[in-house]
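Colleague: Dropping the structure in here first, questions after.
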Amino acid sequence: MKTRSLPLQIGLFIAPVILALALAALLVLAVGADPLAVLQTIWEGATRDSRALGQMVNFWMPLTLVSIGLIVTFTAGLWNIGVEGQMVMGAVFATWGALTLDLPQPLLVAAEIALAMLGGALWAALVGVLKTRLGVHEIFGGVALNALSNVLLIYLISGPWQPPEGGSVRGTPPFPDAAIPSFLSDTFKVSLVAVLVVVAALVAVVLALRGTRWGLELKATGKNARSALLLGVPTRRAAMSAFIVCGALAGIAGLYRVLFTFVSASLRPGVSGGIGFLGVLVVLLIAVRPVWVPFVTLIFAIVLGGSARLQIALGVDSSLAGVLQGSLVLIVLLFNGLRGRLAAREETSEVTAHE
Amino acid sequence: MDIELRHIHKHFGPVHANNDISLSFRGGRIVGILGENGAGKSTLMKILSGFQPMDGGEIYINGARVDYTGPQAAIRCGVGMLQQDPLDVAAFTVLENFIYGQAGGLALKRREGRARLEQICSRFGFSLDAETPIAQLSIGQRQQLEIVRLLSQGVKTLILDEPTTGISAEQKTILFNALRDLAARDGMSILLVSHKLEDVIALCDEVAVLRGGRLVGTRDMPATTSELVAMMFGQELPPQTRQPLNLEGAETALVLENLTLRGKRVTVENLSLRVRAGEIVGLAGLDGSGQEMLLRACVGLIKPAHGRVMIGGENLTGAPYRAFLARGVAFGAAGRLEEGLVAGLSLTEHIALAHETGALVDWPRARRHTEEQLRHYNVRGRPESRVETLSGGNQQRLLMALMPPRPLLMALEQPTRGLDVDSSRWIWQQLLARRANGTAILFSSAELDELVAYSDRILVFYAGRVFEIPDASRASIDELGRLIGGHFDGASEA
Amino acid sequence: MNEELIRTLNSIVANATPLVIASIGETVTERAGVVNLSLDGSIILSAMVGFVAALASGSPVVGVLAAMLVGGLMALIVAFGGITLRQDQVAVGFVLTLLAANLAQFLGQNYTRIPGPQILNTPLPVVEQIPVIGPVFFRQSIFVYISYVLVFGLWYWLFRTRPGLAHRAVGERPATAFARGTRVNVLRYVYTGVGGALVGLAGAAYSLNVKAGWSTPPSMAGDGWIALAIVIFGGWHPFRVVLGAYLFAGLRVLANVIQRTPDVSIPVVLLNGVPWALMIITLLLVSSGAIERLVRVLPRPAQKWTRNFLRSDPPAALGTRFEPE
C-alpha cells in the first residue's frame, strides 16, 4: 500500500466538506441571504433548547434506522430505493394497530412496532420477489412501489381513515394516548424506549454483519453473486433476507415519523419526509461502513432539524439542507474517483521506475 | 508486402512476454507462428496489428518505419488481424458489420456495401447473407466475415489467431483454400498463429517458433510433426510413464444416462458415461465443443434437456447446484475471479465461507484454520489479504483449499490454465492425492500433453459429438490432435 | 369522428411529448452504453431553470436553451464520474437526481406560482386540415413537432447512417468499436451530453407548455423515473419507446377523463397509482424471467412471436467501463 503524507490525506478528506459548504454558501448568496446567518440559524434551530434538541433526536432516530437497514441491502449489492415506500407501509400498518387495537400502553406500542416491521418487510419483500424471481431491477421496482405506497396512504387518509369531523387530507385522527410511548419530559419529547430500539438495531446489525455466516454470505453475494453461488451461498435467499431486514427497520422508521414528528401523533401525507433517500446518501457517503452510521446521521439530523427554521427566520427555503447533503455526497464520490486515479498514476510511475 | 520486426519487447507485470524478437515476412507466403500457450505468439501478433503497444522495438513495412496508434491505423498500413473471438457486434447484421469501420460519408450506402460483400464472398465461396444478425452465425462464418471486411479495407498482410478453433472441417477447407489463393494470386502475407501442428503442416510455407517469449528459430516447410514439436518444446516429449490403476470393484461416483444438453452453439446428444471412484476422465476438444457443458451438467449448473445425472447412486437430475455440493461434488471453473473467488473478500473470509458451517463465525478460529490451509496448500499470501491480490497460481491453490478434502467427484474446467510448470505440477500432485483417496475426477484441458499424462480415459468432443479413448496411456499427442480436429476414423463413438 | 375523442387524443399526444423527448434522450445516452439515472432530478431542475430564464429574458427560446444546457451539464457530470473517475454510474446518477430536485426547489423558491411566458400551440398549415390526423397531431406546440423529428431522426441516425453504427457499437461492444477506429470514451461523453440536453428540453416542455409555470412540489416529479422505465419497455428502439410514452400518457389522460365522469365509484386518489402500476407491469412484460413464464402458458404458435415481440435486450455494454490499452 501507498502511504501518502498525512497532510495530503487529511486534505483529501476535508476538501469535499469545504467544497460542499462553499457551494451552499454561493447558492445562499444567490438567493440574497447571508451564509453565516444561515449557518447560525441551522445550528441554533437544532440546539437552542431542549425542544429543538428533542426534535433533532427525533430526526436522528428514523434516519439511523433506515441507514443501518440500507447498510444491509448495500452489503448484498442491492439498491433498495424502495426504502421510502417501506417507511410508509410501516407507518400505515402501525397506524392501523394504533387506531383499532385496544391494549394497554406497553403492549400497544410493542404491537405497533411489530406491525411496522411487518408492513415494511412485506413491501420490501415485493421488491425482492420482483428482483430475484421476475427480473425487474430493484431501483425501478422500488420507485414504483414508493409511489404506490403514497397513493395508498393518501387514499386511506382521505377515505377510510379520515377524521369524523370532515374530509380533509391533513391526516388521520390523533392517536390515543396508549398508542404513544411516554416521553422523557414535556419539553424534551424523546422516548427512551424508541432510542433503545434504535441502539439495539444498530448493535445487532453491526454484530450480525461482522460475526455471522449470514453477514458473510451477504457480503459475498454483494461482491460477486456468481462466485458466491459456486461457493455454496444461497444467493437469492441472501438477497431476499437483506430486503426483508431493511424493510423491517424502515418500517419502524416510518412509525417513528408518525409518532414523533408532529405535535400530535397521526398519519399524514408525506410521512417519510425524504428520510429514506437521505439514508441512501448517508450510506453512499460512508461507503457502507456501519460504525460510521450514528455519527453521520447525527450531523445530517442537525442540518435537517435546524433548517426547518430557515423559512421562518430568514425566508430561505429549507431545501437548502437537501442541497448541502446532496452536493456533499456527490463531491465525495467524485473525490473517491480522483483519489483512485491518483493512486493508479503513482502505481504506474512506480512500475516504470523499476524497469 | 514485406514486414520486418526488429527487437520487439513487451512486458506484462513481471512476465517478459516478448523478449527481443526480430522477424521478417515476405509477401506471397504463408507463415506459421508456433509455440505453446504463453510462448508470446499472440502478443507479438497483437503488437504487429496495433492492438497492443510495444514496450520497445521497431516495425518496418516495405522498408519504411511505421508507428501506429491502434488497430485501425495498422489496417491503413495494410496489416489486419482476425482475432480468435472475431471482433464484431452481435447486435449488427452481416452487412452493418461489414460496413462499420470502412471509410465513407454519412449514409450507409447499403447497396454498394452489399455488392462489395457479395463480390468478395463469391470469390472465396463464402456464404454470408447480408441481412442475418451476427448473433445467428457460427464462429466460422464470423471469421469469414472478418476476413472479407479486412480485405475490403485493403489489407495486404492478414494475421489469423487460432482460426481453426471451433469451426467445422468443411469451413476449415474453405478457409485454407481462400488463404492459399490470397497468398498465391494476390501476393499477400498470411501469418497463422496456431498450436495445431496439422494445420501448420497442411498450410504453411514457413514457420517461426517462439518459446518463453523468445524466438527459437524459423525454417521452411515441409517438416514433420516431431521436428516441429522438438522446436516448440526444446526436445521431443518423453513418453509418459504411468501406474496402471486397478479400478475393479471400485464404487460408481457418477453415472450419466442418455444425457442431452442443449447449448447456444452445440448440442451434446444422448451421452452415457460411468465414472468410478478414483478414475480420472479427461475431456478434450476445442473451446465450445461441448465439454464445458458436460462438466457443468455434472454439477447441476446446467439442466439437461433429457436423460439422468446420478451422483453416488442418487438421481440428482434437475436438482440445484447446492444439492450436488451437499452430495460431495466439487466444481472448479476456468475463470477464477469470475466464477470461484470473490474479489474484495479476504482469504480468511473465503476459508470461512467454505468451511465454517455454524450460524456464528468464530473469526480467530477461522484465521488459524486459514493459516494452516495456506501453509498446507502452499499459498503465498496473508490471511487478511484480498484474494484479487494473489497471483494466478496462488489463486488456483486457494481454490483447492476451498474444496472439500475428500469429495466424491471433482469437475474441473482447465485446472492449470495460465499456470507455470511448477504450479501445474503441484496442482496435479494434489489431485492425484485425492484420487488415491477415491475421488473421481473429470477435467477439461486445452493442453494435449496434460490430457495424455493424467487421464485414465479421454473423451474427445467435436461440435457436440463425443468419442472415447478408453485407454489414455496408449494415446499419442498426435492422435489426440487429429481427433480434436474432427478426424474420427477408427475411434469409437461414446 | 367524435369531437370529444379527437380532443382526448390531441391531449394524449400533448401530454406524452415531454416523456417522449426525455426517453428519446435517455435512449441516445444508453445506446452509447452509459446510464444517466439523474433523469428525474434533471427534468425538474431544467424545467425550473427554463421557466426562470424565459421569465427573466422575456424569451421562451432563451428558456429552452437554458434548460437544455442544464440537462446537458447534469449528464456530463454522470459521464465525468462514471467514465473519467471510474465511479458507479448508478450512484452518481442517483445522488445527482436528489441534488437536482433540491436545487430546483431552493433556487426556484421565489418563482413559484407566478405567471410567466408560455409556448403556445401553433397549428401547422396545410397538414392540420387532414381529417382526424391533423387535429390530433398537427394542432400542437413546437415541442410536439420536435418530438416527431427526434423519434424519426434517432431511428434514422442509429440504423441508417455510418456514425449511427459507431454509436451503437460503443454501447454494444466497445472493444470492437476501438478496433474499428472509434474513440469510445469520447463518443460516450458526446452522446451522454446530447441525451442530457434532450432531457433538459423535456423539462422546458413541461414548464413552458404542458404544465406551464413552476411550483413546489414540482408537478412533473416522478416522470423522469417513468421515462427511464419507458426506455427499457421500448427496448432501446425509438419507435417502441414512443409507443410506451403514448401508452403512459394515454392512461393518464384516461384517468383524468374518468375523474371528471360523474357516478364513478373508483376513488380519485387511486387513479394516481395507475402509471406506477403500469410501470411495474411493463417492466415485468419485458423481463426475461417473466417473458419465459408467460410464453410457456401460451399456445405453441404464439410462443415464438411473443418472445420476439416482447424481448428487449439492453445494449450489451450498458453501464460498463471501457479502457483502451
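The values are calculated or read from the model by the stated rules, or taken from the named source; none is laboratory data. This is a predicted model, so every value here is computed, not measured. Positions of Cβ are backbone-derived with ideal geometry, glycine not excepted, and every protein chain shown enters the neighbour counts. Side chains are part of the model used for accessible areas, which takes the heavy atoms of the whole protein and leaves out ligands, DNA and RNA. Shrake-Rupley method; radii C 1.70, N 1.55, O 1.52, S 1.80 Å.
Colleague: Using a probe radius of 1.4 Å on protein heavy atoms only, what is the accessible area buried between chains B and A, both sides summed, to the nearest 100 Å²? Walk me through the numbers on the way to the answer.
Modeller: Working: alone 22850 and 17720 Å², together 38580 Å².
In total, this chain pair buries about 2000 Å².
Colleague: Determine, for each peptide in C:5-13, A:88-96, C:207-215, A:117-125, the mean count of other beta carbons within 10 angstrom over its residues, then list the peptides with the highest first. Walk me through the numbers before you get to the answer.
Modeller: On the way: C:5-13: 17.2, A:88-96: 29.2, C:207-215: 22.7, A:117-125: 25.4.
Put in order of decreasing packing, that is A:88-96, A:117-125, C:207-215, C:5-13.
Colleague: For chain C, give the percent of accessible area contributed by carbon and sulfur heavy atoms, probe 1.4 Å, rounded to a whole number.
Modeller: Working: 8690 of 13100 Å².
Carbon and sulfur: 66 percent of the exposed surface of chain C.
Colleague: What does the average come to when, for each residue of peptide B:317-324, you count the partner chain Cβ atoms lying within 10 Å of its Cβ?
Modeller: Values: counts 0, 0, 0, 2, 4, 4, 0, 0.
If you average over the peptide's residues, the count of other-chain Cβ atoms is 1.
Colleague: What does the buried accessible surface come to for B and C, summed over both chains, with the probe at 1.4 Å? Round to 100 Å². Don't skip to the answer; put the middle values down first.
Modeller: Numbers: alone 22850 and 16110 Å², together 36810 Å².
Using a 1.4 Å probe, the pair buries roughly 2200 Å².
Colleague: With a 1.4 Å probe and all protein chains left in place, how much accessible area per residue does chain C have, in Å²?
Modeller: Result: 40 Å² per residue.
Colleague: If I take every Cα pair under 8 Å that is 6 or more residues apart in chain C, average their sequence separation and divide by the length, what percent do I get for the relative contact order?
Modeller: On the way: 552 pairs, mean separation 106.4, N = 325.
Averaging sequence separation for qualifying contacts and normalising by length gives 33 percent for chain C.
Colleague: Quick one: which of B:451-460, C:128-137 comes out on top by average Cβ neighbours within 10 Å, and what's the full order, highest first? Could the numbers behind the result be given before it?
Modeller: Numbers: B:451-460: 23.2, C:128-137: 14.8.
Averaged packing, sorted descending, gives the order B:451-460, C:128-137.
Colleague: Here's another thing I want to ask about it. Compute the helix-to-body angle for B:421-436: its Cα long axis versus the longest principal axis of chain B, expressed 0 to 90° and rounded to tens.
Modeller: In chain B, helix B:421-436 runs at an angle near 40 degrees to the longest axis.
Colleague: Using only the Cα atoms of the protein assembly as shown, each taken as one equal point scatterer with no solvent, compute I(q) by the Debye sum, divide by I(0), and report log10 of the ratio at q = 0.09 Å⁻¹.
Modeller: Reported log10 I(q)/I(0), two decimals: -1.25.
Colleague: Tell me, Kirkwood radius of chain A from alpha-carbon pair distances, in Å?
Modeller: On the way: mean 1/r = 0.0461 Å⁻¹.
So the Kirkwood estimate lands at 21.7 Å.
Colleague: Take each of the peptides A:107-116, B:251-260, B:314-323, average the number of other beta-carbon atoms within 10 Å over its residues, and list them starting from the highest. Each step should come with its number before you reach the end.
Modeller: Values: A:107-116: 20.6, B:251-260: 18.1, B:314-323: 14.6.
For the peptides A:107-116, B:251-260, B:314-323, the packing ranking is A:107-116, B:251-260, B:314-323.
Colleague: Which whole-angstrom value gives the distance between the alpha carbon centres of the stretch B:1-53 and the stretch C:33-87?
Modeller: The stretch B:1-53 and the stretch C:33-87 have Cα centres separated by 49 Å.
Colleague: Using only the Cα atoms, what convex hull volume per residue in Å³ does the stretch C:37-138 have? Don't skip to the answer; put the middle values down first.
Modeller: Values: hull volume 14.2 nm³, N = 102.
Taking only Cα atoms, the stretch C:37-138 has a hull volume of 139 Å³ per residue.
Colleague: On to the next question. From other protein chains only, count the Cβ atoms within 10 Å of every residue's Cβ in C:178-187, then give the mean. Intermediate values should be presented prior to the final figure.
Modeller: Details: counts 5, 14, 13, 11, 4, 1, 0, 0, 0, 0.
Across C:178-187, the average partner-chain Cβ count within 10 Å equals 5.
Colleague: Provide, for q = 0.16, 0.21, 0.26 Å⁻¹, the log10 of I(q)/I(0) from a solvent-free Debye sum over equal Cα point scatterers in the stretch B:295-367.
Modeller: So the normalised log intensities are -0.71, -0.96, -1.14.
Colleague: At 7 Å along Cα-to-Cβ for each site, give me the label-to-label distance between C:K304 and B:Q136 in nm.
Modeller: 1.0 nm
Colleague: Here's something else I'd like to know. Can you classify chain B as rounded, prolate or oblate using the Cα gyration tensor, where a ≥ b ≥ c are the square roots of its eigenvalues, rounded means a/c under 1.5, and otherwise it's prolate if a/b beats b/c and oblate if not?
Modeller: Details: a/c = 1.75, a/b = 1.59, b/c = 1.10.
Prolate shape, in that a/c is at least 1.5 and a/b is the bigger ratio.
Colleague: With r defined as the distance between the Cβ atoms of B:A433 and B:D471 and R0 fixed at 35 Å, what FRET efficiency is calculated, to the nearest 0.05?
Modeller: 0.90
Colleague: Averaged over C:221-228, how many beta carbons belonging to a partner chain fall within 10 Å of each residue's beta carbon? Working shown, then result.
Modeller: Values: counts 1, 5, 0, 1, 8, 4, 0, 4.
Across C:221-228, the average partner-chain Cβ count within 10 Å equals 3.
Colleague: Further, regarding this structure: Taking the Cα centroid of the stretch B:399-469 and of the stretch A:182-258, what is the distance between the two, rounded to the nearest whole Å?
Modeller: 43 Å
Colleague: So what is the relative contact order of the stretch A:54-285, in percent, for Cα pairs below 8 Å that sit 6 or more residues apart? Intermediate results must be reported in sequence, preceding the final value.
Modeller: Details: 427 pairs, mean separation 96.9, N = 232.
After rounding, I find 42 percent.
Colleague: Need the C-alpha centroid separation for the stretch B:346-368 versus the stretch C:169-229, integer Å.
Modeller: If we compute the Cα centre of each part, the gap is 46 Å.
Colleague: Let me ask you something else. Anything over 29 Å Cα to Cα? Flag those among A:K131/A:K219; B:K41/B:K303; B:K196/B:K303; A:K223/B:K41; B:K10/B:K156, in the order listed. Please report the intermediate quantities before stating the final value.
Modeller: Details: A:K131/A:K219 18 Å; B:K41/B:K303 38 Å; B:K196/B:K303 33 Å; A:K223/B:K41 35 Å; B:K10/B:K156 25 Å.
Cα-Cα > 29 Å for B:K41/B:K303; B:K196/B:K303; A:K223/B:K41; rest within.
Colleague: Sticking with this structure for a sec: For B:G344, which sequence-distant residues (separation of 5 or more, or a different chain) have an amide H within less than 5 Å of its own amide H, given hydrogens modelled in the peptide plane?
Modeller: Correct list: B:V387, B:E388.
Colleague: Let me ask something else. Can you find, among B:P364, B:Q119, A:T235, the residue sitting farthest towards the positive end of the charge dipole of the protein assembly as shown, where Lys and Arg contribute +1 and Asp and Glu -1 at Cβ?
Modeller: A:T235
Colleague: Convert 20 °C to kelvin, take the viscosity as 1.002 mPa s, use the Kirkwood radius over C-alpha pairs of the stretch A:1-80 as Rh, and evaluate the Stokes-Einstein diffusion coefficient in µm²/s, rounded to a whole number. Don't skip to the answer; put the middle values down first.
Modeller: On the way: Rh = 16.3 Å.
Estimated via Stokes-Einstein, D reaches 132 µm²/s.
Colleague: Tell me the accessible surface of B:I120 in square angstrom (1.4 angstrom probe, heavy atoms of protein chains only), to the nearest ten.
Modeller: Looks like 20 Å² after rounding.
Colleague: Using 1/(1 + (r/R0)^6) with R0 = 25 angstrom and r between the beta carbons of B:K109 and C:D313, what's the FRET efficiency to the nearest 0.05? Each step should come with its number before you reach the end.
Modeller: On the way: r = 27 Å, r/R0 = 1.09.
Computed FRET efficiency for B:K109 and C:D313 comes out at 0.40.
Colleague: Is the stretch C:14-70 rounded, prolate or oblate when judged by the Cα gyration tensor, a ≥ b ≥ c being the square roots of its eigenvalues, rounded requiring a/c under 1.5 and prolate requiring a/b larger than b/c? Present the calculation step by step, with values, prior to reporting the outcome.
Modeller: Values: a/c = 2.45, a/b = 1.95, b/c = 1.26.
Cα axes put the stretch C:14-70 in the prolate bin.
Colleague: Which of the residues in the stretch C:92-118 show a loss of at least 50 Å² in accessible area from their chain by itself to the complete set of protein chains, at a probe of 1.4 Å?
Modeller: Buried by 50 Å² or more upon assembly, which counts only protein chains, are C:F94, C:V95, C:L98, C:L99, C:N102, C:F106, C:Q109.
Colleague: Something else now. Extending each Cα 7 Å along its Cβ direction at B:R382 and B:S272, get the distance between those two points in nm, one decimal.
Modeller: 5.7 nm
Colleague: What percentages, rounded to whole numbers, describe P(r) for the stretch A:142-248 computed over all alpha carbon pairs with 5 Å bin width beginning at zero?
Modeller: 2, 10, 11, 12, 11, 14, 14, 9, 8, 6, 3, 1, 0
Colleague: Ignoring ligands, DNA and RNA, how do B:F92, A:F188 rank by accessible area with a 1.4 Å probe, largest first?
Modeller: On the way: B:F92 0, A:F188 55 Å².
The most accessible residue leads, giving A:F188, B:F92.
Colleague: Amide H neighbours of B:A305 under 5 Å, counting only residues 5+ apart in sequence or on other chains, H built in-plane at 1.01 Å?
Modeller: Residues meeting the criterion, in which the H sits 1.01 Å from N, are B:T260, B:L261, B:R262.
Colleague: Determine the per residue accessible area of the stretch A:54-285 with all protein chains present and a 1.4 angstrom probe, expressed in square angstrom.
Modeller: Working: 7910 Å² over 232 residues.
Spelled out: the 1.4 Å probe surface of the stretch A:54-285, per residue, equals 34 Å².
Colleague: Report the relative contact order of the stretch C:231-320, percent, no decimals, based on alpha-carbon pairs under 8 angstrom and at least 6 residues apart. If you can, show how the numbers build up before the last one.
Modeller: Details: 57 pairs, mean separation 31.1, N = 90.
Relative contact order, the stretch C:231-320: 35 percent.
Colleague: If I model a spin label as a point 7 Å beyond the Cα along the Cα-Cβ vector, how far apart are those points for A:V195 and B:R322 in nm?
Modeller: With each label point 7 Å from Cα toward Cβ, the separation is 4.1 nm.
Colleague: Please work out the FRET efficiency for the pair B:A73 and C:N110, using the Cβ-Cβ distance as r and a Förster radius of 45 Å; give the result to the nearest 0.05. Write out the running numbers ahead of the final one.
Modeller: Details: r = 56 Å, r/R0 = 1.25.
So, using R0 = 45 Å, E works out to roughly 0.20.
Colleague: Once every DSSP H run of n ≥ 4 in the protein assembly as shown is given -39500 (n - 2.57) and the sum is divided by its residues, what mean residue ellipticity at 222 nm do you get, rounded to the nearest 500 deg cm²/dmol? Walk me through the numbers on the way to the answer.
Modeller: Numbers: 45 runs with 644 residues, N = 1174.
Value at 222 nm, helices only, nearest 500: -18000 deg cm²/dmol.
Colleague: Hydropathy first: keep DSSP H helices in chain A averaging at least 0.5 on Kyte-Doolittle, then drop any whose Cα extent along the axis falls short of 27 Å, and list what survives. Please list the in-between numbers first.
Modeller: On the way: long enough: A:6-30 (36 Å, 2.50); A:50-75 (37 Å, 1.13); A:105-132 (39 Å, 1.53); A:138-158 (29 Å, 1.58); A:192-211 (28 Å, 2.83); A:235-260 (37 Å, 1.23); A:320-354 (51 Å, 0.65).
For chain A, where a helix must reach 27 Å along its axis and average at least 0.5, the hits are A:6-30, A:50-75, A:105-132, A:138-158, A:192-211, A:235-260, A:320-354.
Colleague: Can I ask one more? Considering only protein heavy atoms and a 1.4 Å probe, what is the carbon-and-sulfur percentage of the accessible area of the stretch B:292-448?
Modeller: Numbers: 3270 of 6520 Å².
With neighbouring chains kept in place, the figure for the stretch B:292-448 is 50 percent.
Colleague: Let me ask something else about it. How far is helix B:110-124 tilted off the main Cα axis of chain B, in degrees rounded to 10, range 0 to 90?
Modeller: With both axes taken from Cα atoms, the answer is about 80 degrees.
Colleague: If you don't mind, another one. Only four residue types carry charge here, +1 at the Cβ of Lys and Arg and -1 at the Cβ of Asp and Glu. Report the dipole size of the stretch A:54-285 about the Cα centre in Debye, rounded to the nearest 20.
Modeller: Values: 13 positive and 8 negative charges, 194 e Å.
Value, rounded to 20: 940 debye.
Colleague: Here's something else I'd like to know. Relative to the present Cα-Cα distance, how much length would full extension add between C:I133 and C:T8 at 0.36 nm per residue of separation? Display every interim value, and only then the final one.
Modeller: Values: separation 125, 0.36 × 125 = 45.00 nm, distance 1.28 nm.
Gain in length upon complete extension: 43.7 nm.
Colleague: A further question follows. Given 20 °C and 1.002 mPa s, compute D for the stretch C:3-310 with the Stokes-Einstein relation, Rh being the Kirkwood radius over Cα pairs; round to the nearest whole µm²/s. Intermediate values should be presented prior to the final figure.
Modeller: Numbers: Rh = 20.3 Å.
The diffusion coefficient I find is 106 µm²/s.
Colleague: If one takes the longest principal axis of the Cα atoms in chain B, at what angle in degrees, from 0 to 90 and to the nearest 10, does the Cα axis of helix B:169-186 lie?
Modeller: It works out to around 30 degrees.
Colleague: While we're on this one: Show me you know the interface measure: the accessible area buried between A and C, both chains summed, probe 1.4 Å, in Å² to the nearest 100. Working shown, then result.
Modeller: Values: alone 17720 and 16110 Å², together 30130 Å².
Rounded to the nearest hundred, the buried surface is 3700 Å².
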